[in-house]
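> Supplied in structure tokens, the structure appears directly below.
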Amino acid sequence: MPQPPSDPAEPRWLVCHTRPRCEKKFAALLAAEGFPHYLPLVASIRRYASQTKKFTKPLFPGYVFALVPPARKPRIFQQDLLARVIAIEDEARFLRQIEDVRAIVASGYELSVRPLLTPGRRVRIVAGPLRGLEGFVDDPANPQGVVLAVDVLQQGLLVKLPADNLQVLP
């Protein structure tokens, strides 16, 4: 089990879950307060009938990563932009993963976020004729496989679906 920092006054990395469409506003608040933070942004292009717009959007909608001293933590709640704050248990692992994200975003390669599908993970089908049905992931090596249970028979039906059609449930 990871150990918390020895000094309770030492800044801690937090996952800040923002209210919808508030990521950039919250990042600006963090910058104004002088808190180190990271909001990974990716380029997006929208084509309309008469024009094309290019803009940046958050890679992880709803999330900003921030290094906040515990004594100054109330400052991040001052503008009602946050839904919740999630403490990070293993900061060393988190920092390695964030550096990986920075490298991937900087590479310019096309990327998209996918749910982490593990065996037994509950999911909801969000597109197609089975929309609304819930099941669990059968095999992470083949994340398109979702088992829909028929409990009374103690059996399940394995359905092959694209991962884009699945929403991970808590």
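> Is there a quick way to get the dipole size of segment 1-87? I mean about its Cα centre, with the Cβ of Lys and Arg at +1 and of Asp and Glu at -1; what is the value in debye to the nearest 20?
Computed charge dipole of segment 1-87: roughly 620 debye.
> Further question on the same structure: Take the alpha carbon gyration tensor of segment 12-107, find the square roots of its eigenvalues, order them as a ≥ b ≥ c, and report rounded if a/c is under 1.5; if not, report prolate when a/b exceeds b/c, else oblate.
oblate
> Taking springs between alpha-carbon atoms closer than 10 angstrom, which of F136, F65, F94 fluctuates most in the Gaussian network model of the chain?
F136
> For the chain, what does the helix formula give at 222 nm: sum of -39500 (n - 2.57) over DSSP H segments with n ≥ 4, over the residue count, nearest 500 deg cm²/dmol?
Taken over the chain, the calculation gives -5500 deg cm²/dmol.
> Sort K54, K25 so that the residue with the fewest other Cβ atoms within 10 Å of its own Cβ comes first and the one with the most comes last.
Going from sparsest to densest Cβ surroundings: K54, K25.
> Work out Dmax and Rg for the chain from the C-alpha atoms and quote the Rg first, both in angstrom.
19.8, 59
> Across the chain, how many lysine pairs separated by 8 or more positions, or lying on different chains, have Cα atoms within less than 27 Å?
9
> How would you rank R93, R47, going from fewest to most other Cβ atoms within 10 Å of each one's own Cβ?
Ascending number of Cβ neighbours within 10 Å: R47, R93.
> Using alpha carbons only, how many degrees (0 to 90, rounded to 10) separate the axis of helix 23-33 from the longest principal axis of the chain?
Around 20 degrees separate the two axes.
> So for L157, L166, fewest C-beta neighbours within 10 Å to most, what's the order?
So the residues, fewest neighbours to most, are L157, L166.
> Taking the chain as the reference, fit the longest principal axis to its C-alpha atoms, fit the long axis of helix 91-107 to the helix C-alpha atoms, and give the angle between the two in degrees, 0 to 90, nearest 10.
80
Throughout, read-outs are computed from the coordinates displayed, never taken from laboratory work. The model shown is predicted, which means the values in this text are computed figures rather than measured ones. Don't worry about glycine lacking a Cβ; one is built from the backbone with ideal geometry, like all the others, and counts go over all protein chains shown.
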